[in-house]
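Here the structure comes first, spelled out in structure tokens, and everything after it is commentary.
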Amino acid sequence: MKKRNFIKVLFSIFIIPNFLFEKKKVIKRKYSKNYWLLSKNDK
Amino acid sequence: MIIKDSFLEEKYYDVIIVGAGPAGITLANKLEEKKFNVALIEAGSEDFSADSQEYYIGENVGEFPQETDVSRLRMFGGTTGHWGGSSRPLDAYDFNNWPIKKKNLDPYVEEASKIIEVKNEFREVPFPNSKNLKIIEFQVSRVRFGEKYFNDMKNSKYIDLFLNTNLLEINGENGKFNKANCLMNGKKINISAKLLVIATGGIENSRILLLNERKEQKLFATKMPIGEYWYEHPFSELGKAIINEKIINSYLRTDLNHFVNMYHTGDASVTYSIAPTENFIKDNQILNSCIWLVLHKRTNKGWKNLLKDLFCIAPELSNNMLKLIDRKVSCGATLYSSWEQEGQKNNKIVLSDKIIDKNGYPGPKIIYKKSNLVKRTAKVCVEEIGKYLIDYNIGRIRANSFLFDDEESFISGAGWHHMGGTIMGDNPKNAVVDKNLKLFGSKNIYVAGSSVFPSGGHANPTITIIQLSLRLAEHLSKII
């Protein structure tokens with residue numbers, strides 16, 4: 001299997017379960033002057 | 001042929017077109033096909049010059065970010081002499097306040113695409129697993145109208161091209177134009193025709209009508225909103241991001257199959273951008289928009305500053321992203337946007353009392369301010385893309401402060417797309433031209449170009465200008 005195809009398969013495996021989860025809320029966190037758009041689970 | 005010095009004033013044309021930009025040249029060429037005699041009047045010469053550009057100096061009041069003598073070209077070919085070439089017709093929902101609909105312009109998109117030498121492919125597909133975002137396709141034209149059509153004009157049997165010829169006054173009576181009083185190389189001449197079309201660009205169209213309104217010749221209806229509902233396409237960087245490039249390139253498999261090209265904007269003939277869907281626009285009551293996600297090359301180390309900032313508020317995430325960058329999985333990116341500005345009565349072109357051009361006429365004064373809706377549109381779209389990246393864990397955005405700090409003034413650039421001022425509509429109380437682009441109250445004066453757009457979506461206006469000129473040519477051919 002070519003490397004590129006392998007990556008595609010690999011990512012599709014990891015991404016599919018994401019669809020099952022409730023979408024995460026975006027939180028804004030200001031640092032310095034700008035705002036990061038983060039998940040509340042981002043540590 | 002090109003008219004340089006001598007000119008037989010007794011010659012009577014079918015149509016005078018004032019302005020040799022994409023609107024005027026397209027119209028002249030189509031009328032030539034039907035063997036109508038056309039006088040195409042261009043104030044500039046074959047090429048641009050500092051001397052000619054001086055006529056375009058204007059006054060800015062408010063937030064308009066450009067100089068009026070820099071953002072447009074006074075020459076044969078008009079502003080296509082320095083345009084970027086990005087082309088896409090307007091979306092169907094951009095026509096909500098137009099008296100015509102997208103279906104009325106669709107028959108001309110194939111020919112308009114041929115004129116600017118691009119494929120008639122302006123596809124769109126949903127952003128994978130998103131109801132709110134879509135990927136849209138732009139064709140990139142390399143055509144400069146001046147270079148493409150100058151020799152055709154020289155050899156034309158039916159088009160007389162008047163270079164260095166300024167329209168001074170429109171003359172006539174009882175709503176009927178009969179001759180154009182012009183200044184050709186310092187000499188006053190009169191050019192007569194059955195019809196007059198003003199196609200001098202998104203600022204000059206308003207200025208010419210305002211100047212002639214002062215003459216009180218009753219050539220068109222009074223109390224029309226000439227110069228009003230003038231707008232641009234705000235353009236700005238909205239933020240930066242760390243993006244999982246591998247996933248973007250492999251996961252976002254679409255029918256377009258070239259999502260990767262979205263950031264290959266240099267010599268590409270096609271580019272892609274992200275846009276909100278019609279439902280998302282309606283649900284959030286925002287304007288139309290498009291956002292370019294420009295992935296950085298590996299040599300660009302801008303991501304270092306991003307991750308250093310992120311480290312202070314989410315060190316674990318920052319470390320994980322750093323590893324992905326080291327493994328060449330992720331990279332930095334910048335989000336740019338060009339989006340819609342709604343037409344507002346108070347955003348307008350009036351005649352300046354400070355700037356007088358070399359012919360002794362007032363220059364344009366642009367009064368311009370962006371509404372809160374413009375800023376909110378950019379904010380809502382960035383939040384939606386940020387949410388998408390979080391949901392699928394393929395990146396994080398650092399949005400620019402002006403989007404969220406209410407007290408911060410919002411200073412954006414603009415697309416150099418001058419629109420509105422002589423907008424199309426159903427009646428002269430709130431519009432200047434009717435659906436056939438005829439001036440309300442006039443029997444034979446028409447306006448062509450982006451000044452007639454009641455709204456301009458986010459797409460670059462040139463292909464829509466050409467579609468409208470092709471439609472106007474068809475209409476005029478029936479009535480001459």
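Just so it is clear, none of the values below were taken in a lab; they were calculated from the coordinates. Keep in mind that this is a model prediction, so the values were computed, not measured. Quick reminder, even Gly has a Cβ in these numbers, built from the backbone with ideal geometry, and neighbours come from all protein chains shown.
Under a Cβ-Cβ cut-off of 12 Å, what is the net charge of the residues other than residue B:161 that fall near it, where Lys and Arg count +1 and Asp and Glu count -1? Let's see the in-between values first.
Values: positive: B:4, B:154; negative: B:32, B:42, B:46, B:152, B:160.
Local charge sum for residue B:161: -3.
The magnitude of the dipole of the protein assembly as shown, with charges of +1 and -1 set on the Cβ of Lys/Arg and Asp/Glu and taken from the Cα centre, is near 1800 debye. Which loop-located trypsin sites (Lys or Arg not before Pro) does region B:306-344 contain, where loop means any DSSP state but H, G, I, E or B and the Cβ has at most 10 other Cβ atoms within 10 Å? Sites meeting the loop and neighbour criteria: B:327, B:328.
With the Cα gyration tensor of chain B in hand, give its eigenvalues times 5 under a square root as the equivalent ellipsoid semi-axes, listed largest first in whole angstrom. Don't skip to the answer; put the middle values down first.
Details: eigenvalues 391, 99, 81 Å².
In descending order the semi-axes read 44, 22, 20 Å.
When +1 charges are put on Lys and Arg Cβ atoms and -1 charges on Asp and Glu Cβ atoms, the dipole computed for region B:73-131 relative to its Cα centre reaches about 120 debye.
Compute the separation of the alpha-carbon centres of region B:329-385 and region B:273-287 and state it in Å as a whole number. Here the two parts' Cα centres lie 19 Å apart. Which residue, chosen from B:185, B:175, B:108, occupies the Cα position most advanced towards the positive end of the dipole of region B:98-226, where the dipole is computed from +1 (Lys, Arg) and -1 (Asp, Glu) charges on Cβ about the Cα centre? Value computed over the given set: B:175.
Just need the relative contact order of chain B here, percent rounded to a whole number, with Cα pairs under 8 Å and 6+ apart. List each step's numbers first, then the result.
Values: 1099 pairs, mean separation 118.6, N = 480.
So the answer I get is 25 percent.
Here region B:416-433 and region B:146-203 have alpha carbon centers that stand 22 Å from each other. Here the residues B:309, B:283, B:160, ranked from fewest to most Cβ neighbours within 10 Å of their Cβ, fall in the order B:283, B:309, B:160. Report the local net charge at residue B:83: Lys and Arg +1, Asp and Glu -1, summed over other residues whose C-beta lies under 14 Å from its C-beta. Local charge sum for residue B:83: +3.
Helix B:372-391 and the longest principal axis of the C-alpha atoms of chain B enclose an angle of approximately 30°. Note on B:390-399: average number of Cβ atoms from other chains within 10 Å of each residue's Cβ is 6. How would you classify region B:1-135 from its alpha-carbon gyration tensor, with a ≥ b ≥ c the square roots of the eigenvalues: rounded for a/c under 1.5, else prolate if a/b is greater than b/c, otherwise oblate? Note, shape of region B:1-135 comes out oblate.
Provide the packing ranking of B:40-50, B:377-387, i.e. peptides ordered by the mean count of other C-beta atoms within 10 Å per residue, highest first. Each step should come with its number before you reach the end.
Values: B:40-50: 20.0, B:377-387: 23.1.
Highest to lowest by the protection proxy: B:377-387, B:40-50.
Give me the orientation-averaged projected area of the Cα convex hull of region B:303-369, in nm², one decimal.
Details: hull surface 38.0 nm².
Result: 9.5 nm².
Of B:230, B:416, the sequence from fewest to most neighbouring Cβ atoms within 10 angstrom is B:416, B:230.
Using Cβ point charges alone (K and R +1, D and E -1), the dipole size of chain B about the Cα centre works out to roughly 480 debye. What value does the protein assembly as shown have for Rg/Rh, both radii from Cα atoms and Rh as Kirkwood defines it? Result for the protein assembly as shown is an Rg/Rh of 1.03.
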